[in-house]
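Take a look at the structure set out below.
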Amino acid sequence: MTARIHPLLFVLPLAAVLAALAALLPPFRLFLVGQLAVVIVVTSAMTLLMGAAGLLSLASAASMAMGAYGVLLITGALQLPFPLAAVLTVMIGGGVGVLLGLVALRLTGFHLAIITLGFLQVLLVLLKRGGSLTGGGYGLVVPPLQVTGLGTLTASHISVAAVFIMVLTVAACSAAIQSRVGRAWLALRDNEPAARMQGIDVSRMKIIAFAFASAVISMAGILHVLLLGVANPSAYVVDVSIFHITLVVVGGTTGSMTGAVIAPVILYFLPEIFHALGEWRDFFYATVLLLTLLFMPHGIGPTLTAQIRRLWAARSAVS
């Protein structure tokens, strides 16, 4: 009998190798790669929530804001070490996700999206009117953070860490979708009444999906604010949530982690590299979105995966 090798034995070395390669990049390119990694983390969580569980949410920007402001407030007000503050912030993000999951028990589709949009707008108002606690419209500046063994954290440190965390997040989301819970999410997405008839605890599955996605996006918010050096309400407006949804639509609405990686590269990283596009960026976004909807309605990820499988099957048949 062949012993089964645990996936972590592949994922951890891959994450370490990619992080080490990223560390070799010039500072500005490393910063862009770090930003890309953060976007992929968010897209992976949103792909799980929307693509696998079928729950439409506009609260991704709110979860990022909770991560960004949460870690700064905890380290500042409570004077806790940064690693502990980060863990507590992610836990709080997951807790807020549980509350959103409870709301999702009564609402679906666009009604759920409107409620999550309202949550985002309320949070933004609180951040803007939070006075000295949140910095108001100016936001909060990230203070110098000390980590044992590294000294003061820099944007390069955070970028390398973001690449490492990105690989782990994509692997974790992929494993979650392929698990028993993931199969329950897929059944819920395809037909909620049929899922109930099969004995699936629909309420529990919705809460788990929101809690997991919110915790992951809060973690991305921590990385995001450390990269930028400032938490500002304008960085977490509804346009950000819409962009995240666009990434899921382009990448694939069937829970494809392949698309969750490819879509941010196309819609975020390439325009940043070719910054000469300037005002043509919106045209680029719209063109990619229209072409995807017309020729790849299920998204880039599922279409690409199906083509690879088809070519592999044809090659096997020939041989």
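The values are calculated or read from the model by the stated rules, or taken from the named source; none is laboratory data. Just so it is clear, the structure is predicted and the values come from calculations on it, not from any experiment. Neighbour counts run over all protein chains shown; Cβ positions are idealised from the backbone, glycine included.
Mind checking whether some residue in the stretch 6-25 is surrounded by 23 or more Cβ atoms within 10 Å (Cβ to Cβ) and of a type outside the set (A, V, I, L, M)? Even if it seems obvious, please write down each step before you answer.
So in the stretch 6-25, the residues surrounded by 23 or more Cβ atoms within 10 Å (Cβ to Cβ) come out as none.
No, because not a single residue in the stretch 6-25 is surrounded by 23 or more Cβ atoms within 10 Å (Cβ to Cβ) and of a type outside the set (A, V, I, L, M).
Which ranges mark the helices (runs of 4 or more DSSP H) fully within the stretch 217-319 that have 3 or more residues being modelled with pLDDT of 85 or more? Give the derivation first.
Working: elements: 238-251, 257-264, 270-273, 281-295, 300-318.
Answer list for the stretch 217-319: 238-251, 257-264.
Name the residue that is nearest to Ala68 (Cα to Cα), counting only residues in the stretch 116-150 that are in contact (Cβ under 8 Å) with a residue 24 or more places away in the chain, small (Gly, Ala, Ser) and surrounded by 14 or more Cβ atoms within 10 Å (Cβ to Cβ).
As a first pass, look at the stretch 116-150 and keep what is in contact (Cβ under 8 Å) with a residue 24 or more places away in the chain: 116-117, 119-121, 123-124, 127-128, 133-135, 137-143, 145-147.
If we keep only those that are small (Gly, Ala, Ser) as well, we get 135, 137, 139.
Next, only the ones that are surrounded by 14 or more Cβ atoms within 10 Å (Cβ to Cβ) stay: 135, 139.
On the way: Gly135: 13, Gly139: 10 Å.
Ranking the candidates gives Gly139 first.
Sort through Val216, Val237, Val230, Val170 and tell me the only one that's in contact (Cβ under 8 Å) with a residue 60 or more places away in the chain, surrounded by fewer than 18 Cβ atoms within 10 Å (Cβ to Cβ) and within 24 Å of Ala22 (Cβ to Cβ). Quick ask: steps written out before the conclusion?
Details: Val216 fails: surrounded by fewer than 18 Cβ atoms within 10 Å (Cβ to Cβ); Val237 fails: within 24 Å of Ala22 (Cβ to Cβ); Val170 fails: surrounded by fewer than 18 Cβ atoms within 10 Å (Cβ to Cβ).
So the residue among Val216, Val237, Val230, Val170 that is in contact (Cβ under 8 Å) with a residue 60 or more places away in the chain, surrounded by fewer than 18 Cβ atoms within 10 Å (Cβ to Cβ) and within 24 Å of Ala22 (Cβ to Cβ) is Val230.
Just for helices (runs of 4 or more DSSP H) wholly inside the stretch 1-117: which have at least 3 residues that are touching a Gly at 6+ places or on another chain (Cβ under 8 Å)? Step through it out loud before you land on a result.
Numbers: elements: 8-22, 27-46, 60-77, 82-104.
Counting at least 3 such residues, we get 60-77, 82-104.
List every residue pair whose Cβ atoms lie under 7 Å apart, where the two residues are 6 or more positions apart in sequence or sit on different chains, the first residue falls within the stretch 16-44 and is closer than 13 Å to Ser156 by Cβ, and the second residue, located anywhere, is among the aromatic types (Phe, Trp, Tyr).
Taking only residues 6 or more apart or on different chains, the pairs are Ala19/Phe164; Leu32/Phe269.
Which one of the conditions (1) under 18 Å from Ala65 (Cβ atoms); (2) among the aromatic types (Phe, Trp, Tyr); (3) free of Cβ contacts under 8 Å to residues at least 12 places away in the same chain does Phe283 fail to meet, given that it meets all the rest?
(1)
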